[in-house]
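For reference, the structure discussed in these notes is given below.
The values are calculated or read from the model by the stated rules, or taken from the named source; none is laboratory data. Keep in mind it's a predicted model, so treat the numbers as computed, not measured. Note: ideal-geometry Cβ built from the backbone for every residue, glycine included; neighbour counts use all protein chains shown. Keep in mind that these areas ignore ligands, DNA and RNA; they rest on the heavy atoms of the full protein, side chains included. Shrake-Rupley method; radii C 1.70, N 1.55, O 1.52, S 1.80 Å.
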Amino acid sequence: MNILFVGDIFGSSGRRIVREHIGHVRHAHAVDLTVVNVENAAGGFGVTPSLAEEIFDLGADVLTTGNHVWDKRELLEYMRSAQPDSTERPRRILRPVNMQRGTPGYGVYEGTTQSGIDYAVVNLMGRIYMNGTNDPFEAIDTVLAGIKAKVIVVDFHAEVTSEKMAMGWHLDGRATAVLGTHTHVPTADERVLPGGTAFQTDVGMSGPYDSVIGVEKDMVLHKFRTGMPGKFEAAKGNPKMCAALVTCDAVTGRASAIQRIMLGE
Ligand SMILES: [Fe+2]
């Protein structure tokens, strides 16, 4: 079984580069399950229902988010419209599972691929330099206890490399893949851990690389150099799609390979 995980889509150039590549990559690798992190798809801040629909139209099965999930208020109603056992699109866009109790939406989706393989996707968020999240290690243990599928993909949306690596080891042998998002910088440490969990500290942004993590570089430089607030806008130059391709055994859920993907114009 092949799983494609596309890193954080950032702004219009990120959407465009993903539109350009996701189809041929899915086709070339006979991808069974496609997961895309979309939390910065709308100009770098959140995602709207119509943009989520666009990305579903490209073949995504499940969309994940992170700390920017509520930046666009329209998404709240979209996610609120999801029923627990539904397979409709609003149910297949996730927010981090370890947000505060009572947060709208869902952090886990359990589905079946067209080829009949049961899977689960979990959106999890780190605690270091992040607000409003509960202990991700405790949260994922609780979540995994309730999942029947063997194929389990965890998007760990976190800032700090150590927290992400620790999560990889915490879940080794219990998840098919633990893939980091949020920093927008891909790391070259992809590997299959001894217990059969594919891991990469950060898959990287699908967006403009002539930028500072997606934002127009001059605006960020101005802020660093003057300490003054300013407007942040999504950059456009040098877009790349970053993704991880995970191969696993559909029966056991154990990963056998992980490949890093970075495709430009
Ligand atoms: Fe983020």
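Under the condition of being in contact with an Asp or Glu (Cβ under 9 Å, 6 or more places away or on another chain) and either among the hydroxyl-bearing types (Ser, Thr, Tyr) or away from the ligand (no atom under 15 Å from the Cβ) (or both), the residues counted in the stretch 152-169 number 2.
Annotation for the stretch 159-169: at least one member residue is of a type in the set (Val, Ile, Thr) and open to solvent by 40 Å² or more (accessible area, probe 1.4 Å).
The single condition among (1) open to solvent by less than 30 Å² (accessible area, probe 1.4 Å); (2) touching a residue at least 40 places away in the same chain (Cβ under 8 Å); (3) more than 25 Å from Arg95 (Cα to Cα) that Cys242 does not meet is (3).
One residue stands out among those in the stretch 170-182 that are out of contact with any Leu (no Cβ under 7 Å at 6 or more places or on another chain) and either open to solvent by 30 Å² or more (accessible area, probe 1.4 Å) or at positive phi (or both): the one that is nearest to the ligand (Cβ to nearest atom), which is His182.
Within the stretch 54-78, the set of residues being away from the ligand (no atom under 16 Å from the Cβ) and open to solvent by less than 60 Å² (accessible area, probe 1.4 Å) comprises Ile55, Phe56, Leu58, Gly59, Ala60, Asp61, Val62, Leu76, Tyr78. Number of residues in the stretch 97-149 that are of a type in the set (S, T, N, Q) and closer than 18 Å to Glu159 by Cα equals 5.
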